[in-house]
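Take a look at the structure below.
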Amino acid sequence: MRLVTGVIKPFKLEDVKTALESFGVHGLTVSEVQGFGRQRGHTEVYRGAEYTVAFVPKVKIEVLVDDADALDIVEVIAKAAQTGSIGDGKVWSMPVDEVVRVRTGERGVEAL
Amino acid sequence: MDPELIDGANAGFVMVCAFLVLLMIPGLAFFYGGMSRSKNVLNMIMMSFSAIAIVSVLWVLYGYSLAFGTDRNGLIGFSSGLLGLTDLTDNAVFGAVEAGADGVVNTYLLPDMIFAGFQLMFAALTVALISGAVADRMKFGAWMAFVVLWASVVYFPVAHWVFAFGVAEEGGEAAGFANGFFAADTGGWIVNRLGALDLAGGTAVHINAGAAALALVLVLGRRRGFRKEPMRPHNLPFVMLGAGLLWFGWFGFNVGSTLGATAYSGLVLMNTQVATAAAVLGWLAIEKLRDGHMTSLGAASGAVAGLVAITPACGFVNAYGAIAIGLLSGIACAFAVTLKNRLGYDDALDVVGVHLVGGMVGTLMIGVVGDSTHTLTDSLFFGGSLGLLGTQAIAAFAVLAYSFAVTFVIALLLKAVMGIRVADEEEITGIDQMTHAETAYEIGGGITGGGSATPPVTRPSSVEVSS
């Protein structure tokens, strides 16, 4: 099993969710996060004084998937989240040792 | 005097205006509170509320007597019968005045208690205005002591100078606003003896509060991180709400200062509105040209700058003059608020940049664009005389100098006696939490707070648990 994580622009969340659902993904976790990459922060102006806001708001989505689907799902997220401009975010996947469905106690691929 | 001489419509109107001016203070609290950082928003609001509480009591006990008691050489008033407002309960009436077109003077009678209540709100508001400058770092106890001292030795006398118009005895020498009516030998020195024009308090309220704010922050010192850390407003919708409430209440302030509901009051209403609107446009234009963005904080600040500037002038200019004063104040204040970053004094929420500068613009501009129909004295554009401008400048700088000097002494005194600045730890943690034992917002307390997640009821047996 693998955990696919994407940090994306907040307004692309609906697109990514729709794309994942049509791929057949049954669930995902979403959190609001802040950070910066090459985009860096942005500036805001208050009464003529400029402030640099270092961390930009982003959305992080996490999906637990079967090994076989991992690369496809990375592609699905990357494609759905793309705008082509700076600050689109990143998607990565990493191995997962163990998964348990809390309600039933199922383990491994059964729990996905 | 005969109570039947009281004009009910005017009296009722001024009473409602008193309520409107009171509403400006919570409006100001939100205006300042939204601009402060979230860890200090309650402290910011409490400074305004405490000003209402303290000044109301002082006003009734002795403030009204000092401001509006029997004149003592134009510098201060005092009447022992006005301590505790004792003599006002007897249907005493105050002669209100309207300087109508062509210098025709109409007088109305107003219950003195209503006038005293109206003026109470001015006193409380003026003190509260200062609090914006000291945001994030002043000890709350020191603020309360400051309110007592400042109201007593700065506001009450200055209110006398500007608002205690002595009415001429029959045949007495007259001067000032509504020539031929105000006495030259009694009443506050600015309104009577000098004859400067200030309808609703550009000098006594705004220059006074702005100069005091400057003196107080020079003694108090800068916020930690001033000019290094971003100190962005934590809630701009609060700022807009506060500005809206101020704008609304300001009609009570300006129009109510005509002490009646007359044709002249209508002029004041319209001048107040159009000057404020022009100031919003002026401020936004500067922002667009200078920063590239028209901000909501700029619109709110422009509105307040315009309201401040038109306050002294609202009854002495025509619509063109009001628009000119509004535009000029929006532009001047948009530049003035950046001065603190260059000069290094930490006027946190720009009381100096908006109230001192806006008050100066409005007070002086009467001498430039004052309409001689209403000023009854020639201004620069109406008659080409510099005399009125000079008179206005004397009034403005006298209040500025007195307020700055006395406030500086008060601040040094409080600093020596009790300390005026919170400890470093409190400044970093937040005054809300450490002084008031409250915080404004519950952050992240949504679904995970409240202790154990175990459901209080057992699962109905009809539901199958799959395994």
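Just so it is clear, none of the values below were taken in a lab; they were calculated from the coordinates. Source: prediction; values computed, not measured. Neighbour counts are summed over all protein chains in view; Cβ atoms, including those assigned to glycine, are modelled from backbone coordinates with ideal geometry.
Key figures for this structure:
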read-out: Residues A:Ile73, B:Ile130, B:Ile331 arranged by fewest to most Cβ contacts within 10 Å; value: B:Ile331, A:Ile73, B:Ile130
read-out: Sequence-separation-based contact order of chain B, relative, with Cα cut under 8 Å and 6+ spacing, percent; value: 21
read-out: Residue mean of other protein chain beta carbons inside 10 Å, B:289-302; value: 2
read-out: Under 17 Å, Cα to Cα: Lys pairs in the protein assembly as shown, sequence gap 8 or more or different chains; value: 21
read-out: Residue exposure sequence - A:Lys60, B:Lys340 - by fewest surrounding Cβ within 10 Å; value: A:Lys60, B:Lys340
read-out: For segment B:373-449 versus segment A:50-87, the gap between their alpha-carbon centres in whole angstrom; value: 48
read-out: Average beta carbon contacts from partner chains per residue of A:47-56, 10 Å cutoff; value: 5
read-out: Value of [θ]222 nm, deg cm²/dmol, for chain B, DSSP H segments ≥ 4, -39500 (n - 2.57) each, nearest 500; value: -17500 deg cm²/dmol
read-out: B:Ala393/A:Phe11 FRET efficiency (R0 41 Å; Cβ-Cβ; nearest 0.05); value: 0.15
read-out: About the Cα centre, charge dipole magnitude for chain A (Lys/Arg +1, Asp/Glu -1 at Cβ), debye; value: 500
read-out: Peptide-level mean, for B:224-234, of C-beta atoms on other protein chains within 10 Å; value: 2
read-out: Residue-span extension gain [B:Arg227 to B:Ser372] - 0.36 nm each, minus C-alpha spacing; value: 47.6 nm
read-out: Volume per residue that the Cα convex hull of chain B spans, once the total is divided by residue count, Å³; value: 199
read-out: Separation in nanometres of the label points that stand 7 Å from Cα toward Cβ, at A:Phe55 and B:Glu438; value: 2.8
read-out: Per-pair calculated FRET efficiency, R0 = 22 Å: A:Ile86 and A:Ser31 via Cβ, rounded to 0.05; value: 0.50
read-out: Pairwise Cα inverse-distance average, inverted: Kirkwood Rh of the protein assembly as shown (Å); value: 26.8
read-out: Per residue convex hull volume, Cα atoms of segment B:1-63, in Å³; value: 83
read-out: Ranked A:Arg40, B:Arg193, criterion: other C-beta atoms within 10 Å, fewest first; value: A:Arg40, B:Arg193
read-out: Kirkwood hydrodynamic radius of segment A:2-111, Cα pairs, Å; value: 15.4
read-out: At 1.567 mPa s and 4 °C, Stokes diffusion of segment B:285-388 via Kirkwood alpha-carbon radius, µm² per second; value: 91
